[in-house]
Structure formats: C-alpha cells, structure tokens
Amino acid sequence: MSLFDHTLTEIHDLLHKKEISIPDLVDESYKRINEVEDKIKAFITLNEENARKQAEELQKKIDTDEAKGLLFGMPIGIKDNIVTKGLRTTSGSQILNNFDPIYDATVMTKLHEAQTITIGKLNMDEFAMGSSTESSSFQATTNPWNTERVPGGSSGGSAAAVAAGEVPFSLGSDTGGSIRQPAAYCGVVGLKPTYGRVSRYGLIAFASSLDQIGPITRSVEDNARLLEAISGVDAFDGTSANIPVDRYSEALTGDVKGLKIAVPKEYLSEGVSEEVRQSVLDALKVLEGLGATWEEVSLPHSKYGLPAYYVLASSEASSNLARFDGIRYGYRAEGAENLIDLYKKTRAEGFGDEVKRRIMLGTFALSSGYYDAYYKKAQKARTLIKKDFEDVFEKYDVIIGPTTPTPAFKIGDNIDDPLTMYANDILTIPVNLAGVPGISVPCGFSDGMPLGLQIIGKHFDEKTIYRTAYAYEQATNFHQQKPSL
Amino acid sequence: MSRISEEQVRHVAHLARLAVTDEEVERFTAQLDSIIEFAEQLNELDTENVKPTAHVLDMKNVLREDKSAPGLPREEVLKNAPDHENGQIKVPSIIE
C-alpha cells in the first residue's frame, strides 16, 4: 500500500493527525521513482534537493493557518511544457534542452500559493505533438501496465507517473486529447477543462486556440479539487474566461438521478474495438442503474474533426514555434554564415521530425494560394463541429463515449506512419475544436490494458462532468486496480 | 496526382526557416502529400454559408488598464541567451 493510494483529503487528514509528515510524502515520491523510474522513464528533470528542503520547511508550519489548505505540502508532477521558474523546462525538445525559465506559469503561481511541492518535470511528446510520448527528444515513457506499450501522449509522463505511484497527481496539457488519451491508456483520471477555464500563461504554446492545462489524478475527487486550485481568470491570458470558478468538489454527490446522457453513434462505430464498445455500454448500464437515462444521438461532423484539427493545430504551431530561433533562449547552432542560415540550422538541429512535419504542414496551409483551401476551410469545418455539440447539449446534460478506439498500442507500432498515429485522437479532438470540457475515467480492461470512458460537458459545466464521473467511479472498482510493477 | 511537390516542400521549409537535406525533402514530400490528401476530405463539406471559427468563446476586445509595471531585470533576460555581450544579445552580422 502506498500513501498515494489515499485521496488528497485523506492524506491531508493524515498530515494533520501527525500520522505522516510532509517529508514522508516527498520521500514516498522519490523512493518510488528510484524503484521504477528506470522502467517507466516518466521524468525529464527531478527537483529532489529543493523538494526535500521545501518539505522540511513546510512541516514546521503544519500547525499554522497556512497549512489548512488542502494542497499544503502535497507532492505534484508537472508536464514539461509548463514553465517553472528556476527549474529546467524543455517541452520535450532539444531546442530547449538548457532552458531555465525566468518566470512561473500562472498555474505554478497558484500551486505555490497553495504550497504544493514540485517533484519534477514530466516527459512528453516534443512540443506536445504526438500520441505516444515516443516523439520526446529525451526518452520514450512506458506504460506502467505493460512496459512494452506506450503510455499515450502527449502527457504520457504525467499519466504514467501517477499510474506508477511516483506522484499522487500531476498537471498535463490537452490540445487534441493529450490529457484524456494517456489517462485512458494508463488507467487514471484526466480532465481537459473548458477552453478559457485555466490560464495558458506560461504554457509553451502549441495551438493557442485549442491548448488547455488540466489535472491528472487517481480519483475523480482529487481531480475536482486540483481543478478548483488552478482555474480562474488571469490578466496574463486574454483568452482566460472571466466566469466564476465553481466549487467542483460540491458536485461529488453520487446522485445522477434524472441525468440525460447522449451517446453519439459515431463514437461507437467503425474503428472502435468490440471490447471498448462493450465497456462503454456496461458503463451506461451502471449509470442507468443510478437513475440516469441515455439515448443515441449523432454528431454528424465527427469524422471531419481529425483533418480539421491537423490543419488548424499545425497552422497555429507553425506560427507559435517561430519564436525558437536560437537568438534569445534555447539551442543555437554553430558555424552559421548569416542570420537566416543561423535560424535554419538551429531549427533543423533543434526540432525532431514530427515537429518539422507539422511546422511545414502549417506553413503550407497558411501560405499564399492555399490559405482559403485549407486553413479557412478547416475553420469552417470547426464551426460545424462546434454546432454538432451545441445541438446535442440543447437536450442532454452530458455526452458519453470511449476516450480512445482501442487500448494502448505497442511502442514502435505507429511511429513510422503519422496518419495511423493521428487516428488515436479521433474521439478526443472534436472536444478541443468545440472548446467544451471532457474527462476520461477508468472503465475496464482489454488484454490487461486499461480503458477510458469519456464524459463531455457543456462549456464551463465541469460540475456536471464531475458529478457523473464520481457517481460512476463510486459504483465501480476500476480506479482501485493498480499495475503490478 | 501529387498534392505537394519536392520543390514546394523546399519552398515551405525555407519559409519556415528549416534547413532540409535531400533525403528529408523526399521523405517529407511523401508524408505531407498523404496528410494533405487526408485533409482534403474537408472538401466533401458544403461550407458555402458557414462562418469560420477562430475562437470558441464569445469574447472580443479583452482590455485592461494601461498601467506601467517594472520589466524583467536585464541579467535575468540574458540568462538564457546563447550569446550576449555588454548587456545585449549577440547575433551574426545582418548587413553585408
């Protein structure tokens, strides 16, 4: 039994009953990292010396008012595209291999106020472009349930570290499924908030109109509590929404009587494995048993999500990643003849193949003569996809389907074929395009690998998602199963 | 018919400031061609009267008070620069 098998609230109580100390919690993290990290490879950078020092200092304050906050002294892992002042941040790329941020992301400022302890920075696909963590320029993270399989991506390190018990919870980021897909593959809980719910200030931008930071945890309860801590409007992010943050933990009632669930037929059709389909139908039975009702609906433009996403996300990325030029920070190539040559060499040596592919696709889609045919067309498709969700949400409270069409695949299986790799995100991408929130919760196993149930809500209605997810989780025991490592 | 030629890939790589080898041009051309072909599914959609979506929330003109605040200290800003001299970031000469 690990201390991290407890919920946040339970750990908080243990701390205040003095049954455990904050240094014990930090020790639990690093002890576990020492045991399993050579197999899991979830971390790019560890923060051990600072974390242990901070733990000692916080323990001295355990009897003060400061320590009453639920997150006080809690160890956490942070995806490596979230900038952390004074702690190396790479975004999984060689171009930022030696980058030492001079400011904190807003989510980090919030976590510092809550007095959490950063254990380390978590591995990810380079610049969050990928679905397996194999495109990290440092290492491929493995899946704790079977180390020959991928943990998913791009927040693969964030999901694997939580599943392996290296940290009790972590932050990830989700542009097309990068929190929910690895959460599903690793058997943990991951939420992508409504676009604008969490500040993106200090999140190294991939596709600014789609990116959101969100929590990855072992339980729905912890997830709700962590989201409460990181949400809210931020003067440093003009796209953060000036809408009050709900008390998500108050939604954890277990009551879903009268809840109206929509199940898109497109999410249970072709490409979705029989076991995944069955796990979703079983989950719907559980929710029905608790008093919810469900009906089949259609999101007719679902299949256009993937092509629209790759045009839009790559276009935004081609612009966002222009800043990596070897001048102000990051890697700079040697032996350049002039400035243009310096840019070209720096970027050719600093970026990996997947990043280059997407930058070129985006540059192409935005270039003169192709803009209307590709970029504008994709933006129009986005309008249709968004409308699909709006239409369904006029009559239903949540949409439920699988998070991924299949369980985690083997490392190396899809690496040479970008399009097959992209297809992993077919059920999560429309959610980002519409800007609505979605969660993945464990809902079964296939071939020994975890499966995820995706629950999608209306804009800023994370509360109903958590209510549904919590009721389902409490009625099942999938979240209690742990990988044997 | 191919959707993108090797010549176009070289042009796009130049616009994106990426040095590419002949081998990369060949590989990226084939891969980008199949991705673009995939994206052309979007042509099945009738979007004649559809407005494009750039942003999902109904927000515009987010303004704040124009208040001055201290900038970042120079030594901090230079900390990550690969090359600097006399408090300024150094680049190769831009003028012949």
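Couple of notes before you dig in:
- For residue A:362: the one exception among (1) outside any loop (DSSP other than H, G, I, E, B); (2) more than 24 Å from residue A:93 (Cβ to Cβ): (2)
- Taking the range A:216-266 as the range and being among the hydroxyl-bearing types (Ser, Thr, Tyr), surrounded by 22 or more Cβ atoms within 10 Å (Cβ to Cβ) and out of contact with any strand residue (DSSP E or B) (no Cβ under 7 Å at 6 or more places or on another chain) as the test, only A:248 passes.
- The residues of the range B:78-96 that are surrounded by 12 or more Cβ atoms within 10 Å (Cβ to Cβ) and in contact with a Lys or Arg (Cβ under 8 Å, 6 or more places away or on another chain), listed by number, are B:80, B:81, B:82, B:83, B:84, B:89.
- Complete set of residues in the range A:57-96 that are in contact with a helix residue (DSSP H, G or I) (Cβ under 7 Å, 6 or more places away or on another chain), of a type in the set (Gly, Ala, Ser) and surrounded by fewer than 16 Cβ atoms within 10 Å (Cβ to Cβ): A:69
- The set of residues from the range B:10-29 being more than 7 Å from chain A (Cβ to nearest Cβ) and closer than 17 Å to residue A:313 by Cα is empty.
- If you go through the range A:267-284 and pick out every residue that is surrounded by 21 or more Cβ atoms within 10 Å (Cβ to Cβ) and within 22 Å of residue A:391 (Cα to Cα), you end up with 1.
- Selection status of residue A:40, buried (at least 18 other Cβ atoms within 10 Å of the Cβ), under 30 Å from residue A:236 (Cα atoms) and within 20 Å of the chain's Cα centre (by Cα): no
- Scanning the range A:331-352 for residues that are more than 7 Å from every other protein chain (Cβ to nearest Cβ) and touching a residue at least 12 places away in the same chain (Cβ under 8 Å) yields A:331, A:333, A:346, A:349, A:350, A:351, A:352.
- Counting residues in the range A:45-56 that are outside any loop (DSSP other than H, G, I, E, B), modelled with pLDDT under 95 and open to solvent by 60 Å² or more (accessible area, probe 1.4 Å) gives zero.
- Any hit, the range A:300-310, residues being within 14 Å of chain B (Cβ to nearest Cβ) and assigned to a loop (DSSP other than H, G, I, E, B): yes
- Flag if residue B:73 is free of Cβ contacts under 8 Å to residues at least 12 places away in the same chain, open to solvent by less than 60 Å² (accessible area, probe 1.4 Å) and not aliphatic (A, V, I, L, M): no
- Checked against (1) under 25 Å from the mean Cα position of the chain (by Cα); (2) surrounded by fewer than 17 Cβ atoms within 10 Å (Cβ to Cβ); (3) not hydroxyl-bearing (Ser, Thr, Tyr), residue A:373 meets all criteria but (1).
Okay, residues lined up against (1) under 22 Å from the mean Cα position of the chain (by Cα); (2) modelled with pLDDT of 95 or more; (3) among the acidic types (Asp, Glu):
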{"position": "B:24", "(1), (2), (3)": "yes, yes, yes"}
{"position": "B:44", "(1), (2), (3)": "no, yes, yes"}
{"position": "B:47", "(1), (2), (3)": "no, yes, no"}
{"position": "B:56", "(1), (2), (3)": "yes, no, no"}
{"position": "B:69", "(1), (2), (3)": "no, no, no"}
{"position": "B:75", "(1), (2), (3)": "no, no, yes"}
{"position": "B:78", "(1), (2), (3)": "no, yes, no"}
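- Selected residue [small (Gly, Ala, Ser) and more than 7 Å from chain B (Cβ to nearest Cβ)] from A:367, A:319: A:319
- In this structure, residue A:357 does not satisfy being within 8 Å of another protein chain (Cβ to nearest Cβ), over 25 Å from residue A:178 (Cα atoms) and either crowded, with 17+ Cβ neighbours inside 10 Å or not acidic (Asp, Glu) (or both).
- Scanning the range B:30-52 for residues that are more than 7 Å from chain A (Cβ to nearest Cβ) and either surrounded by fewer than 17 Cβ atoms within 10 Å (Cβ to Cβ) or in contact with a Ser or Thr (Cβ under 7 Å, 6 or more places away or on another chain) (or both) turns up B:30, B:33, B:37, B:40, B:43, B:44, B:46, B:48, B:49.
- Any chance residue A:313 is of a type outside the set (Phe, Trp, Tyr), within 14 Å of chain B (Cβ to nearest Cβ) and surrounded by fewer than 16 Cβ atoms within 10 Å (Cβ to Cβ): no
- Residue match in the range A:10-21 (condition: assigned to a loop (DSSP other than H, G, I, E, B) and within 27 Å of residue A:198 (Cα to Cα)): no
- Candidate set from the range A:213-261 (those that are β-branched (Val, Ile, Thr) and part of a loop (DSSP other than H, G, I, E, B)); member that is farthest from residue A:466 (Cα to Cα): A:239
- Cβ separations smaller than 7 Å between residues 6+ apart or across chains give the following pairs from the range A:285-301 residues that are surrounded by fewer than 17 Cβ atoms within 10 Å (Cβ to Cβ) to residues that are among the charged types (D, E, K, R) and in a strand (DSSP E or B): A:293/A:260.
The values are calculated or read from the model by the stated rules, or taken from the named source; none is laboratory data. Predicted model, so just to flag it, every value in this text is computed and none were measured. Positions of Cβ are backbone-derived with ideal geometry, glycine not excepted, and every protein chain shown enters the neighbour counts. Surface accessibility is based on the protein's heavy atoms, side chains included, excluding ligands, DNA and RNA. Shrake-Rupley method; radii C 1.70, N 1.55, O 1.52, S 1.80 Å.
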